[in-house]
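Report on the structure given below.
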């Protein structure tokens, strides 16, 4: 007879013996480090320099998907947000809202992924919180991560630095994360192995900033709303336009097929390992050389122009041009 799988109960969030056991045998045991071991209501940190701070909440459905899970996503997402500020991520908090009945084995796997991802990004989980809500009052598990990083002395990342003729570069193919999630959802199983692109970006971004300093004018990870939404955020803040070349925006064949099947435009599909870099045109080839060592499909996809202020125009393979409009509504709900 199979042993009944253990699940999270309300008493795991009550503050008593069961909660202490969950913390000690899962969370503290897996995430162990000197700062966390103090086990105070907060973390004691020794930081010098200008700081960047970011926070995000993760409510993705499903919580396990091809290429990752919500724990990995939460760490990478906040690490990447700090990196896009030009900061070196150092410390994260981890807050968990768990639905009663969620499997203890699955929960442990998520915490292990948090640890693995934090180690890969060279950050530490230093404080957090755990709550359990009644069955039906959540959706398995929600995670909030907040992060602190030290701004790199050579970084100057802001939209005000964007200039006409700046080159627009992305570090790989788009739309993989969104299509990986859709492939897991009921009734949308594709005959493919589309994997989420979730990863930490801090190491590659640090390389760029170290090498090029303030010639890197702007960085942003293309998460909810995809590449198009990031570019629209830029054009609404500057009195300039953007010209794109469709052929240079890479999409993996399986991802492209999945988008066509669902009637989705890859430009608007979420990513979790893709960032947009706007840089001075003279460093274009050098930036690409660095990025293509990690992903050969990194590419320069367009440039900033004053010919059509506040608009994004994309040129097709055959030379036709169309306006890329802002995303209206929610194309893919619960994607991160």
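The values are calculated or read from the model by the stated rules, or taken from the named source; none is laboratory data. These numbers were taken from a predicted model, which means no experiment stands behind them. Ideal geometry is used to build each Cβ from the backbone, glycine not excepted, and the neighbour counts take in all protein chains shown.
What the table below lists for this structure:
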item	result
Given (1) within 29 Å of residue 194 (Cα to Cα); (2) within 22 Å of the chain's Cα centre (by Cα); (3) in the same structural domain as residue 198 (by TED's automatic domain parsing), index of the condition residue 279 fails	(1)
Tabulated pairs, segment 314-336, first under 18 Å from residue 263 (Cβ atoms), second assigned to a loop (DSSP other than H, G, I, E, B), C-beta under 6 angstrom, 6+ apart or interchain	327/225; 335/270
Of all residues in segment 177-193 being out of contact with any helix residue (DSSP H, G or I) (no Cβ under 8 Å at 6 or more places or on another chain) and either on the phi < 0 side of the Ramachandran plot or not in a loop (DSSP other than H, G, I, E, B) (or both), the one that is modelled with the lowest pLDDT	186
Search result, residues across segment 83-132 that are surrounded by fewer than 16 Cβ atoms within 10 Å (Cβ to Cβ) and either in contact (Cβ under 8 Å) with a residue 12 or more places away in the chain or over 17 Å from the mean Cα position of the chain (by Cα) (or both)	101, 103, 105, 109, 116, 122, 129, 131
Residues located in segment 257-276, provided they are surrounded by fewer than 17 Cβ atoms within 10 Å (Cβ to Cβ), in contact (Cβ under 8 Å) with a residue 12 or more places away in the chain and in a helix (DSSP H, G or I)	257, 261, 262
In segment 292-324, residue farthest from residue 228 (Cα to Cα) [restricted to those that are surrounded by fewer than 16 Cβ atoms within 10 Å (Cβ to Cβ) and in contact with a helix residue (DSSP H, G or I) (Cβ under 7 Å, 6 or more places away or on another chain)]	294
Residue match in segment 146-153 (condition: modelled with pLDDT of 95 or more and assigned to a loop (DSSP other than H, G, I, E, B))	yes
Single unsatisfied condition, residue 111 versus (1) over 17 Å from residue 132 (Cα atoms); (2) part of a helix (DSSP H, G or I); (3) in contact with a helix residue (DSSP H, G or I) (Cβ under 6 Å, 6 or more places away or on another chain)	(1)
Residues (under 22 Å from residue 45 (Cα atoms) and out of contact with any strand residue (DSSP E or B) (no Cβ under 7 Å at 6 or more places or on another chain)) located in segment 127-162	153
Test: residue in segment 59-77 that is surrounded by fewer than 19 Cβ atoms within 10 Å (Cβ to Cβ), touching a strand residue (DSSP E or B) at 6+ places or on another chain (Cβ under 6 Å) and not assigned by TED's automatic domain parsing to the domain that holds residue 222	yes
All positions within segment 131-171 that are under 23 Å from residue 90 (Cβ atoms) and in contact with a helix residue (DSSP H, G or I) (Cβ under 6 Å, 6 or more places away or on another chain)	143, 145, 147, 149, 152, 154, 155, 156, 171
Filtered residues of segment 117-126 (kept if in contact with a helix residue (DSSP H, G or I) (Cβ under 7 Å, 6 or more places away or on another chain) and either more than 18 Å from residue 56 (Cβ to Cβ) or assigned to a strand (DSSP E or B) (or both))	124, 125, 126
Matching residues in segment 235-256 - criterion: being in a helix (DSSP H, G or I) and crowded, with 21+ Cβ neighbours inside 10 Å	235, 255
Criterion violated by residue 330 - all others in (1) modelled with pLDDT under 95; (2) more than 23 Å from the chain's Cα centre (by Cα) satisfied	(2)
Criterion violated by residue 174 - all others in (1) in contact with a helix residue (DSSP H, G or I) (Cβ under 7 Å, 6 or more places away or on another chain); (2) in a strand (DSSP E or B); (3) surrounded by 15 or more Cβ atoms within 10 Å (Cβ to Cβ) satisfied	(2)
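Residue-wise test of (1) surrounded by 12 or more Cβ atoms within 10 Å (Cβ to Cβ); (2) without any contact (Cβ under 8 Å) to a residue 40 or more places away in the chain; (3) assigned to a loop (DSSP other than H, G, I, E, B).
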| site | (1), (2), (3) |
| --- | --- |
| 15 | no, yes, yes |
| 20 | yes, yes, no |
| 26 | yes, no, no |
| 37 | no, yes, no |
